[in-house]
1. Can you give the direction-averaged projected area of the convex hull of the alpha-carbon atoms in region A:259-317, in nm²?
2. List the cysteines of chain A that have no other Cys Cβ closer than 4.7 Å: which are they?
3. Taking the Cα centre of chain A as origin and charging only Cβ (+1 Lys, Arg; -1 Asp, Glu), how large is the dipole, in debye to the nearest 20?
4. Starting from the coordinates of the alpha-carbon atoms of region B:52-121, obtain the Kirkwood hydrodynamic radius over all distinct pairs and give the value in Å to one decimal.
5. Distances longer than 48 Å among the Cα atoms of the protein assembly as shown: what percent of all pairs is that?
6. For C:Val143, list long-range residues whose amide hydrogen, built 1.01 Å from N in the peptide plane, is under 5 Å from its own amide hydrogen.
7. Of the DSSP beta bridges with both residues in region A:5-171, give the percent that are antiparallel, rounding to the nearest 5.
8. If I stretch the segment between B:Arg157 and B:Asp111 completely, what's the gain in nm (0.36 nm per residue apart, minus their alpha carbon distance), one decimal?
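Read the figures in this text as sums done on the coordinates, not as results from a lab. What you see is a predicted model, and the numbers here were worked out from it, not measured in a lab. We place every Cβ from the backbone using ideal geometry, glycine too, and count neighbours over all the protein chains shown.
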Amino acid sequence: MKVSFWSKLPIRSKLLLLTLFSSVMGPLVIAASVILYEASTYRLENLQEVTVIANIVADRSTAALVFGDNNQLQENLASLQLRKTIALACMYDETDLVRASLILDESLNCPAAPVVHEGYYAEEYLHITQQVILDGEPIGKLLIQASLVELRRHLGNFALTALLVCLVTIVAILYVANVLQKRITDPLINLTETASRVAGEKNYELRAELESQDEIGKLVETFNDMLATIEEQNNHILKSNEELEKTVATRTSELLTANKELEAFSYSVSHDLRQPLRAIDGFSEAILEDYGDQLDEMGLSYLQRVRSASQRMGALIQSMLVLSRVTRHVIALKEVNLSESAEAVRQSLTDENPERQVQWSIEPGMVTKGDANLLNIALSNLLQNAWKYSSKEAQAEIRFGVDRSAVPPVFYVSDNGAGFDMKYADKLFVAFSRLHSPDEFEGSGIGLATVNRVINRHHGRIWVESTLNEGTTFYFTLDAEHNAAG
Amino acid sequence: MIGARRLIILNTILLSLWSSGWARATTDYEIKAAYLYNFVKFVQWERSAHALSPELNLCILGRHPFRDVLAPLNQRKVQNRTIHIRYLDDERQMMECHVLFVSYSERKQLDDILSLADQAKALTVSDIRGFVRDGGIIGFVTVGNVIRFEVNLVSARASEIHLSSKLLELAEEVVK
Amino acid sequence: MAQSVVLLLVEDNPDDEALAKRALKKAHSDSEIVVARDGQEALDFLFGLGKFQQRDHAIQPQVVFLDINLPKVNGLEVLKALREDERTASLPVVILSSSDENSDISKAYALGANSYINKPVNFNEFCRQIDIMGQYWLDINRVVNLQLQ
């Protein structure tokens with residue numbers, strides 16, 4: 001939208017302009033019409049007046065004309081000098097001979113052949129030529145030219161007067177309008193200032209001053225009502241906010257308490273659950289060592305089962321501790337070389353099971369931002385998984401690499417092991433769900449849940465593709481930095 | 001109308017001659033005849049008989065020098081009256097006269113004539129020297145070589161004759 | 001000389017005490033094993049206080065196996081007290097803990113622990129660790145001979 005000059009003017013100026021325009025227009029129109037009227041009236045009156053004068057002079061000059069008294073004629077014409085507008089007067093006899101003349105304007109001359117005319121305006125002059133009649137007989141002619149200077153001066157004076165009146169009117173109107181306008185604009189300015197202050201200070205307790213009972217007054221009232229509503233709502237919001245903050249604080253402290261309790265629980269689990277397990281395992285071993293010879297085959301087998309069960313439970317508790325630690329761990333971002341981490345895991349797995357023949361393929365230089373401890377845990381779990389489920393393959397293959405064309409890059413850990421039916425894929429990352437029986441593969445069912453949590457805490461995604469008896473590939477992305485930036 | 005036209009022409013000629021100083025070329029009586037005619041236009045007779053009469057008797061008393069100069073004036077209309085030129089043989093005939101021109105020849109009986117004229121309420125005009133001072137109403141005088149006239153308002157008033165101020169303006173002298 | 005080897009085992013749980021003793025006896029059958037049931041008792045023994053006032057002060061343990069989770073005075077407080085006393089400041093202390101928590105491990109080392117063992121569930125593994133520890137602290141590593149001072 002184009003911003004016109006008018007729209008940029010303050011209301012005060014607009015009102016002033018409007019008032020000025022309407023109030024000046026009146027006197028101007030009146031003055032103009034009066035001047036026009038005066039001009040036409042003056043011309044008419046002037047014509048009549050000069051005609052009358054001409055009549056008088058003509059009448060007075062009848063005797064002088066017929067008795068040939070040129071001096072008297074001259075005298076009669078001279079009396080016209082009193083009339084300032086008369087520029088030329090010529091007295092002709094019946095033969096159109098000039099008998100007397102009065103030339104007040106040097107540029108004029110008595111025309112040779114005067115034509116009788118009632119009067120017309122031409123070339124800045126009023127022309128009158130009339131017959132001098134005596135006893136019904138024309139005995140000569142009287143020509144008079146009257147200049148319109150007087151008319152001009154008259155109209156000029158009139159216009160000047162009108163202008164002065166206009167000026168005085170304008171000044172008076174300006175003064176009065178200024179006073180009256182204040183009564184209109186002040187409440188508006190007050191309202192605008194209040195609105196600006198409210199917007200600037202966000203102080204909804206402010207109110208515009210009510211100064212009038214007109215539309216502006218109503219506007220002010222409405223504005224104040226609106227402010228009152230806003231203030232009320234604002235207070236309501238502030239109160240709700242306060243309550244919300246209290247609630248958040250309560251929840252946070254509750255959450256902290258819950259976390260502390262969880263920590264205490266984990267600690268307690270690690271100590272108090274493992275201690276009896278140690279005792280079970282330890283004393284079982286003691287029985288085997290000290291009283292093994294007194295037991296039959298069955299007894300020895302049972303004790304052996306007690307031991308392996310307690311050790312499995314120990315491993316289970318260990319896995320739960322790791323999962324809990326992954327959850328509680330405070331993330332510390334830095335550059336992590338996943339290739340090196342994987343290499344370390346490969347080394348330890350190979351050391352533990354030197355008899356296994358596994359074809360490893362680890363892409364070198366896979367560096368990413370993340371928490372080294374958590375990523376190590378996740379990577380260990382995935383590689384151990386691959387190691388575990390490919391254990392029955394004669395030609396086991398484990399691959400760890402990255403697809404850098406994707407954003408963010410997609411890492412993958414694949415094996416050519418047992419694989420699983422994809423319809424159970426959604427159970428894979430839930431703690432304690434296992435797809436294989438402990439007879440087939442050892443496992444706590446917590447490893448992948450831990451991996452999932454590590455990836456989640458890095459704002460990444462993990463998914464799996466698997467074909468039964470052909471192998472499994474885990475894909476995951478890491479977007480820790482995105483989160484750090486956010 | 002032809003007559004009137006001719007008079008106007010005459011009048012015009014006379015006037016133009018005067019103004020150009022050729023007065024002498026025209027006879028004094030041609031001028032005086034025109035004057036007589038013109039005087040009538042500026043005169044009101046207040047006495048009822050003269051005032052109401054549809055005729056205007058212009059009487060010439062004595063040996064008049066106008067010869068036929070006055071003839072065109074006869075039957076002319078002035079102030080809606082018809083001019084009748086009358087040449088009087090006897091001053092007693094003057095009772096019907098509106099205007100009475102007293103010829104120079106009558107200067108010896110001027111007092112008698114004037115007292116009669118006074119009764120007749122006639123406008124007396126003459127070129128007798130001192131005519132106005134002797135009680136006549138309008139008297140021709142020559143100023144330089146221009147013919148002018150004098151007026152005796154007292155006599156005019158006595159004869160109940162009103163003379164237009166325009167005429168008085170032109171008078172060389174006005175006796176009041 | 002052989003009879004002078006004393007090991008102090010601070011352990012409140014009788015099962016763990018029995019198992020630890022068994023593991024220690026297996027590896028170092030010639031050592032005298034003194035057992036303290038809580039932190040206070042351990043300190044009393046080391047500094048010859050309380051019921052140990054009459055004991056021979058010349059005899060000090062070569063290694064202390066210290067549990068963290070102890071009644072009265074816990075393991076870390078015992079460790080702190082040991083390190084603050086010049087008589088025991090350089091005494092080798094091996095922490096035997098059920099906790100694998102980083103915070104526990106770092107606290108122990110900060111207070112001057114020499115080794116930290118997370119007691120495994122598997123007894124055979126526990127025995128192996130105790131054996132290694134005993135070999136190291138009693139045979140391989142040289143420590144200040146407190147008896148001569």
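1. Averaging across all directions leaves 3.9 nm² for the Cα convex hull.
2. Unpaired cysteines in chain A: A:Cys166.
3. 460 debye
4. 12.4 Å is the Kirkwood radius here.
5. Distances greater than 48 Å cover 64 percent of the Cα pairs.
6. Under 5 Å from the amide H of C:Val143: no residue qualifies.
7. Percent antiparallel among DSSP bridges in region A:5-171 is about 100.
8. So the chain would gain 14.8 nm between B:Arg157 and B:Asp111.
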